[in-house]
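Below: the structure, in structure tokens.
Read-outs: derived from the displayed coordinates by stated rules, not from any lab. Every value quoted in this text rests on a predicted model; they were computed, and no experiment measured them. Ideal geometry is used to build each Cβ from the backbone, glycine not excepted, and the neighbour counts take in all protein chains shown.
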Amino acid sequence: MPEPTDAAGAAAPLRTLIVDDEPLAVERMQVICARLDGLTVVGTAADGDAALRLVEALAPDLLLLDMTMPGLDGLGVARALAKQESPPALVFVTAHDSFAVEAFDLDAVDYVLKPVAPERLERAIARAVARRGSRVRAPGAWISEFWVPHRSELLRIAAADVDRIDAERDYVRLHVGERSYLLLQTVTGLEARLDPARFIRLHRSTILRRDRITGLRHDGLGVWSAELSDGSALRIGRTYLARAKAMAGR
């Protein structure tokens, strides 16, 4: 599926919904968004329930979502949207830094702290645009190789040789046998470019090559782990448990 375009053939802006219960915060976000290329604000909501109604009515591409609101909070909105077949991308915009783990476990594109700097929001929007452009790919269009900086050269690494990919802030670490390499790329952005028949994401910060998984283990209380060919185990994130069980035909 090609990336949406406007009548002139340019990439269509992200149709964006701002969700925040503070009128001044909404106003500030609208001012910042008006100065950014790549998005257009189609509405605002002051609470989570209103946000879900507007998502259904307006079908936005992106939510700029506050975390703490009366009634349904930002995480509740994200959980509800995760059940949809094609949910909008989420960028959390919040004054609290303590919810980042939960946010990324729900596949957020980014987590931006208030007060919002325009250049920081612009980076978050760029990530959302990149995700939209790579969300659906034609057969054979998946990434097949990486070029990674190593000392004074660039190394070519075949995607088929990568055993595991771990997130490290704005980077990912590619594990190839006994060696590893850093690449400037978000784990979510990279996931969208990898062949799902070869790789699977089982945690907010980890993607595994499928043939490195030897089994799934139930650890009790709804917690599952993936057993790996090197004898280690990876706890499976709640968001990714369904796809792990689907891999096993469960």
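Here the alpha carbons of the chain define both size measures, Rg and Dmax, at 19.1, 55 Å. Using a Gaussian network model of the chain in which every pair of alpha carbons under 10 angstrom is joined by a spring, one finds that among Val148, Val26, Val129 the greatest mean-square fluctuation is at Val148. Within the chain, the longest run free of GluC sites (Glu not before Pro) that sit in a DSSP loop with at most 14 other Cβ atoms within 10 Å is 86-177. Among Asp37, Asp105, Asp73, the residue with the largest mean-square fluctuation in a Gaussian network model of the chain, with springs joining Cα atoms closer than 10 Å, is Asp37.
Derived scalar couplings between HN and Hα for segment 157-173 equal 10, 5, 4, 5, 8, 7, 7, 7, 10, 10, 7, 9, 6, 8, 10, 10, 10 Hz in order, rounded to whole Hz, by the Karplus curve 6.51 cos²θ - 1.76 cosθ + 1.60 (θ = phi - 60°), x for Gly and Pro. Helical runs assigned H by DSSP (4 residues or longer) give the chain a calculated mean residue ellipticity at 222 nm of -7500 deg cm²/dmol, each run adding -39500 (n - 2.57) before division by the residue total. Checking the a/c ratio against 1.5 first, then a/b against b/c, what shape does the Cα gyration tensor give for segment 14-134? Verdict is rounded for segment 14-134. Neighbour counting of Cβ atoms within 10 Å sorts the residues Tyr171, Tyr240, fewest neighbours leading, into Tyr171, Tyr240. Multiplying each eigenvalue of the alpha-carbon gyration tensor of segment 123-250 by 5 and taking the square root yields semi-axes of 25, 18, 14 Å, largest first, rounded to whole angstroms.
Of the residues Gln185, Gln30, Gln84, the one that moves most in a GNM of the chain with alpha-carbon contacts below 10 Å is Gln84. Residues whose amide H falls under 5 Å from that of Leu72, counting only those 5 or more places apart or on a different chain, are Gly48, Asp49, with hydrogens built in the peptide plane.
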